[in-house]
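> This structure is in structure tokens; I'll ask about it shortly.
The values are calculated or read from the model by the stated rules, or taken from the named source; none is laboratory data. Keep in mind the model is a prediction, meaning the values are calculated, not measured. Counting neighbours? That spans all protein chains shown, and the Cβs are built from the backbone with ideal geometry, glycine included. Areas reflect the complete protein model, heavy atoms only, side chains present, ligands, DNA and RNA absent. Shrake-Rupley method; radii C 1.70, N 1.55, O 1.52, S 1.80 Å.
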Amino acid sequence: MNARSPWSEDRATAVIAANRHLRGALLPMLHALQEEFGCIDEEAIPLLARELNLSRADVHGVVSFYHEFRRSRPGRHTIKVCRAEACQSMNADGLIDHIRRRLKVDFHETTADDAFSLEPVFCLGNCALAPAVMVDETLHGRVSPARFDAIAASTLATEAAR
């Protein structure tokens, strides 16, 4: 499941301080903040700018440049679908169409029930078992539309059992 800590300026300041010593600290700070809060909160931008002596525009430019950084909280589970050549050759586009219709979301969106966020990735390193999908930290290969439905249902059933 995705990190869901509510925004806290004190906690964000501590996360930023813990990464201050790193070379090229902005990216590690952004990753750490996203790990903690599930996204880069708007209130983090001035904290980072002040800490690194950058303009807010500089920080915002980095956040918006990298698709890996989210500006809104993700769903409880993140589904990453591989769009690299091996997966495309095994009908990943058809699988993506199915997932979009099934979840009623597009890439970079979250389902209405906040259960799933859908993200594209270039390669999951599972080319021999294309098409590949990653749900949270679990990699799945040879995913058909029916198998995707089973994976999504299993993910929700596991969550409900907790």
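> If you check R102, R70, R142, R147, which single one turns out to be basic (K, R) and under 26 Å from M29 (Cβ atoms)?
Just one listed residue meets the conditions, R70.
> For residues that are open to solvent by 30 Å² or more (accessible area, probe 1.4 Å) and part of a helix (DSSP H, G or I), scanning just segment 62-85, find the one that is nearest to R4 (Cα to Cα).
Step by step, filter segment 62-85, then rank; the result is S64.
> Regarding segment 131-144, can at least one residue be identified that is outside any loop (DSSP other than H, G, I, E, B), open to solvent by 60 Å² or more (accessible area, probe 1.4 Å) and over 19 Å from R70 (Cβ atoms)?
Yes, the conditions are met somewhere in segment 131-144.
> Just to check your reading of the model, which residue among L156, L118 is under 23 Å from G38 (Cα atoms) and not in a strand (DSSP E or B)?
L156
> Here is a follow-up. With the requirement that a residue be more than 18 Å from E85 (Cβ to Cβ) and either open to solvent by less than 10 Å² (accessible area, probe 1.4 Å) or touching a residue at least 40 places away in the same chain (Cβ under 8 Å) (or both), what does segment 109-130 give you?
The answer is A115, F116, S117, L118, E119.
> Then there's this: Is it the case that E36 is open to solvent by 40 Å² or more (accessible area, probe 1.4 Å), within 18 Å of D10 (Cβ to Cβ) and over 13 Å from the mean Cα position of the chain (by Cα)?
Answer is no for this residue.
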